[in-house]
1. Kindly check whether there is at least one residue in the stretch B:191-213 that is within 29 Å of B:V320 (Cα to Cα) and at pLDDT below 95.
2. In the stretch B:305-317, is there at least one residue being in contact (Cβ under 8 Å) with a residue 40 or more places away in the chain, surrounded by 22 or more Cβ atoms within 10 Å (Cβ to Cβ) and within 14 Å of chain A (Cβ to nearest Cβ)?
3. The conditions are (1) within 14 Å of another protein chain (Cβ to nearest Cβ); (2) surrounded by fewer than 19 Cβ atoms within 10 Å (Cβ to Cβ); (3) within 27 Å of B:M289 (Cα to Cα); (4) not polar (S, T, N, Q), and B:G36 fails exactly one of them. Which is it?
4. Within the bounds of the stretch B:377-390, is there any residue that is assigned by TED's automatic domain parsing to the domain that holds B:A292 and assigned to a loop (DSSP other than H, G, I, E, B)?
5. It is to be established whether one or more residues within the stretch B:281-304 are of a type in the set (G, A, S) and touching a Leu at 6+ places or on another chain (Cβ under 8 Å).
6. Please find, within the stretch A:44-66, the residue that is nearest to the chain's Cα centre (by Cα) out of those that are free of Cβ contacts under 8 Å to residues at least 40 places away in the same chain and surrounded by 11 or more Cβ atoms within 10 Å (Cβ to Cβ).
7. Just the residues that are at pLDDT 85 or above and in contact with an Asp or Glu (Cβ under 9 Å, 6 or more places away or on another chain), please, taken from the stretch B:1-26.
8. How many residues are crowded, with 24+ Cβ neighbours inside 10 Å and not in a helix (DSSP H, G or I) if we restrict to the stretch B:236-267?
Amino acid sequence: MREQILKMIEKNSRIDLKELAIMLGMSEVDLMNEISRMEEEKIICGYHTLIDWEKTSVEKVSALIEVRVTPQRGQGFDHIAERIYNYPEVNAVYLLSGAYDILITLEGKSLKEVSSFVSDKLSTLDSVLSTATHFILKKYKDHGTIMANNDERLKMTP
Amino acid sequence: MRNPLSDKIVDVKPSGIRKFFDIVSEMPDAISLGVGEPDFDTPWHIRDEGIYSLEKGKTFYTSNAGLKELRCEISNYIMRKQGIKYDPINEILVTVGGSEAIDIALRCMVNPGDEVIIPQPCYVSYEPCAVMADAVPVIINLKHENEFRLTAEELEAAITDKTKILILAFPNNPTGAIMEKKDLEAIAEVVLKHDLYVISDEIYSELSYNEAHVSIATLPGMKERTIMINGFSKAYAMTGWRLGYACGPELIMKQMTKLHQFAIMCAPTTSQYAAVEALKHGDGDVAEMREAYNQRRRFLMYQFREMGLECFEPYGAFYVFPCIKEFGMTSEDFAMRFLEEEKVAVVPGTAFGDCGEGFLRISYAYSIDDLKVALGRMKRFIARLREENSK
């Protein structure tokens, strides 16, 4: 049942819990208890909103930054990852297999702001060997949601 | 000038749903809960396979019975789901939707005057197809108190010495009724006793919410006398691809293939390639859509209980069939007023047979948001009717 609950609120965290309980065939109290437990267990880590900033007047640039680092004795990649994820402008930090080690997603107000983060803060960290910054030009799909959607169905008689 | 038309065809009544939807299409802001078509798009990997086949230039006819690869996958699928084996070479025919299979099965099996038993309420094409095959349709009016299941007694009472075929369509459109194994066993006994054949339309087989659907063909002695019809429209949200299939004894399938060859040649090639992908890798998609339908089904049943609207709990397809007899109106009047006053389209039960009088078919192949709005309006509408009636 947990899986079903999570699937539903992953798609819509604002879903009406009374309706969700009906749809899943369980009582509202049981559902609320289950959700609280998952919040306590940090299975549910937060509730966010998916925004198409393109449609607002707010200027924003997003970037993906590939980072190659030297792991540190006794701490592996965790220490350097922590140094990076503590910056509030950093959205996400992943440790990856493959050609580079860490992938950062970052949001800034302008190209300049992102590039100064890379040159002033990121590149100057001791264990960072190199970085490659990719600016996002267009978001087609985010969090499983296609940003531009149109539905064209023909009317028919069954 | 001579009359260009065939009397037989002219006498066939048009679909009762048609008239209604002509009005709906003139109302752009109406919410329709009328159409029996999944609101999901075909899963992308299936569409992708269709596109890929086009890119590779696979635009030729397939063999009349359908791509061998597809027939093998259909055979595997039925084995996986029902545990019975159909020979992909001689016992499976790929058709243009389940609809074609219904038509040619009837035309291949009846002689003029043979009786075909059709339990109603049911899908709109069985009766006209039987008539066009020169059969005599014999209607059984299924009962609300039996949750619209067919009982052995009802079947027995409809059989004459001319009866040849029983059409079974469960999970059912429009009622959402199912037939469980024990129900089917009682029917099979009567079928065997009277040496009948069964055309079993199982197009909604994947949409069974309590337990997995059982085909009557799996019961002892029944595979030899059953044409099992299924397709991709409902399970994989592939309505527009127009692809279905029929499975049955070689003797009958041979004639059906012949008819299919003369009328159709073969089912669309692109659709067939896409369908191979659906059967190979589509089980997860089906499970996900089934869960979504089930959630909506629970939501609707809850709303009906809240409104105090009588409705048996349907466990199949994507329809609910609430009873509106308390309002003292015909189904058609109810549906028409509901459409005019609240701009919500539902289908009067009478579109599916006379015994659908007093019922409505509501499809939940619509997003939960649409359903919420529509049910809110229904609540308001019903409250208004009750108030009028109490005066």
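The values are calculated or read from the model by the stated rules, or taken from the named source; none is laboratory data. The structure displayed is predicted, hence computed values, not measured ones. Glycine also receives a Cβ, built like all others from the backbone with ideal geometry; neighbour counts cover every protein chain displayed.
1. The answer is yes; a qualifying residue exists.
2. Checked against the condition, which is being in contact (Cβ under 8 Å) with a residue 40 or more places away in the chain, surrounded by 22 or more Cβ atoms within 10 Å (Cβ to Cβ) and within 14 Å of chain A (Cβ to nearest Cβ), the stretch B:305-317 yields at least one hit.
3. B:G36 satisfies all of (1) within 14 Å of another protein chain (Cβ to nearest Cβ); (2) surrounded by fewer than 19 Cβ atoms within 10 Å (Cβ to Cβ); (3) within 27 Å of B:M289 (Cα to Cα); (4) not polar (S, T, N, Q) except (2).
4. no
5. There is no residue in the stretch B:281-304 that is of a type in the set (G, A, S) and touching a Leu at 6+ places or on another chain (Cβ under 8 Å).
6. Among residues in the stretch A:44-66 that are free of Cβ contacts under 8 Å to residues at least 40 places away in the same chain and surrounded by 11 or more Cβ atoms within 10 Å (Cβ to Cβ), the one nearest to the chain's Cα centre (by Cα) is A:I51.
7. B:K8, B:V12, B:K13, listed by residue number.
8. Residues flagged as crowded, with 24+ Cβ neighbours inside 10 Å and not in a helix (DSSP H, G or I) within the stretch B:236-267 amount to 9.
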